[in-house]
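Asks: There's a structure below that I have some questions on.
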Amino acid sequence: MDSIWIRGGKTLKGEIPISGAKNAALTLLPCALLTEEKLTLTNLPRLADVDTFAHLLNQLGVSTHVAGVKKGEIGRRMTLQADEIVSTVAPYDMVRKMRASVLVLGPMLARMGESTVSLPGGCAIGDRPIDLHLKALEAMGAEIELAAGYVKAVAPKGRLDGGDFSFPVVSVGATENAVMAAVLAKGKTQLFNAAREPEIVDLCNLLVAMGAKIEGIGSGHLIIEGVEGLHGATYEVMPDRIEAGSYACAAGITGGSLHLLGVRPEEMLATTNVLAQAGLAIEFTDKGMKVSAHQPLRPVAVSTAPFPGFATDMQAQLMAMLCVAEGQSFLEETIFENRYMHVPELRRMGADVEVHGRSAIVHGPKPLTGASVMATDLRASMSLVLAGLAAEGETEVLRVYHLDRGYERLEEKLSAVGATIERRSAG
Ligand code: UD1
């Protein structure tokens, strides 16, 4: 199995192009199920999760075609077409590999009047139920049955009806499934306390480009007037704000200066506010965002929260950076119950972090030293890469498949700005 090998201690300087957003791609891809016409996505990141999603769509009858990029385009261009849906079942072996597979539930139900998806079960960062996905669909008239580890949703009249639903907890995935279902429902749907993440704005913008009628985009109150059918579109995936935030922490932890190309300021503010409090200089430019560390890092106190709050997907990377800040930092994880799995590994590299339930105290500054480490999820793995960049000596991050799920050309991007990092194959 491959690993990422790093010799730490280099100050990173230069430009890093930011790829298309993984989490946006994973909700834009299933929109292909909503129309017989072609959907072309550009700026798609080359990531394992995107490939896995494309395979799932292939199994359902969607053709996927990766074409060369056109002049002025970045990332990868994929054309998807679901002129005929051959199966309405997302099997366990796909959902098990990637939880986001559950995002075919809403669009398939809307288009075909039925959809069967394996229940994802728990995962490393917590229980992660999908009850809210199901309740939102029930509010649109879906009848739901759970059997043998699968959820089967049926629209009894062949088409969903519009309906109102208020999310008791903000959920990104449940909002996405509900929006994708509501665009083809008969009549009006109102979603209250909907997630406002930029990836949901991206989803709504694509759906509008396909002919959907959605008001309140970017707010917690989405009003969707169902239409009879949607048409094809060509759409550019938004830049990955979590990848950008991760590289901003790389600038911080190595005392460097990085220009992150393609970043959109308005999507970064929760991260940049915290990084600025930690002493990083942030400058938005016409090409993206410059992040520079000119002084010792300062400690911060941060709670994760739904957008526009500080993203849970940035917590592990921020923690790695705070290990070298001068003083005690406080982190609170409010979204997932088990999202400190990077802590024991960071401790093995010399970090001093206490965990009390959902809170963590980082005692800095501590000199980090290289070690062989592994993590059980994507962002935790990235926090170990960041620690490795600042550590004295060599670090080997095992289980690279986690990183390949969400960081495009990681070692290439970091080498280009001065890191000593490479992928090593164990075989
Ligand atoms: C998405 C992101 C993930 C990010 C998370 C929170 C994708 C592919 N993944 O995950 O990277 O960390 O948002 O920003 O976009 N919940 C329920 N019932 C449900 C659904 C969720 O109780 O039916 C709870 C979850 O357990 C969690 C909270 O709601 O505590 C938020 O989860 P949610 O926003 O749904 O996360 P995902 O969409 O799975």
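Asks: Pairs under 6 Å by beta carbon, first residue basic (Lys, Arg) in the stretch 174-189, partner away from the ligand (no atom under 16 Å from the Cβ), six or more apart or different chains?
Replies: From the stretch 174-189, the pairs are Lys186/Arg159; Lys186/Asp161; Lys186/Gly226; Lys188/Gly162; Lys188/Glu225.
Asks: Being free of Cβ contacts under 8 Å to residues at least 60 places away in the same chain and either touching an Asp or Glu at 6+ places or on another chain (Cβ under 8 Å) or part of a strand (DSSP E or B) (or both) narrows it down to one residue among Glu283, Glu243; which is it?
Replies: Every option except Glu283 fails the conditions.
Asks: Related question: May I ask you to list pairs of residues, at least six apart or on different chains, whose Cβ atoms are under 6 Å apart, with the first in the stretch 134-163 being farther than 21 Å from Val95 by Cα and the second being among the aromatic types (Phe, Trp, Tyr)?
Replies: These pairs meet every condition: Ala139/Phe165.
Asks: In this structure, does Arg96 turn out to be more than 23 Å from Gly406 (Cα to Cα) and part of a helix (DSSP H, G or I)?
Replies: no
Asks: So for the stretch 247-255 (the condition being in a loop (DSSP other than H, G, I, E, B) and closer than 20 Å to Gly20 by Cα), does at least one residue qualify?
Replies: No, that holds for no residue.
Asks: A further question on this structure: Can you list the strands (runs of 3 or more DSSP E) found entirely within the stretch 161-237 that contain at least 1 residues being within 16 Å of the ligand (Cβ to nearest atom), at negative phi and of a type outside the set (D, E, K, R)?
Replies: Of the strands (runs of 3 or more DSSP E) lying wholly inside the stretch 161-237, those with at least 1 residues that are within 16 Å of the ligand (Cβ to nearest atom), at negative phi and of a type outside the set (D, E, K, R) span 164-166, 188-192, 222-225.
Asks: Does Gly255 meet the test of being assigned by TED's automatic domain parsing to the domain that holds Leu184, touching a residue at least 60 places away in the same chain (Cβ under 8 Å) and touching a strand residue (DSSP E or B) at 6+ places or on another chain (Cβ under 7 Å)?
Replies: Here the answer is no, as Gly255 does not meet what is asked.
Asks: Consider Glu228 carefully, then state whether it is surrounded by fewer than 24 Cβ atoms within 10 Å (Cβ to Cβ), among the acidic types (Asp, Glu) and in the same structural domain as Leu318 (by TED's automatic domain parsing).
Replies: no
Asks: Between Ser359, Ser372, Ser415, Ser381, which is surrounded by 22 or more Cβ atoms within 10 Å (Cβ to Cβ), in contact with a strand residue (DSSP E or B) (Cβ under 8 Å, 6 or more places away or on another chain) and among the hydroxyl-bearing types (Ser, Thr, Tyr)?
Replies: Result of the check over Ser359, Ser372, Ser415, Ser381: Ser381.
The values are calculated or read from the model by the stated rules, or taken from the named source; none is laboratory data. As the structure is a prediction and not an experimental result, all values here were calculated from the model. Cβ coordinates were reconstructed from backbone atoms using ideal geometry, including for glycine residues, and neighbour counts include every protein chain displayed.
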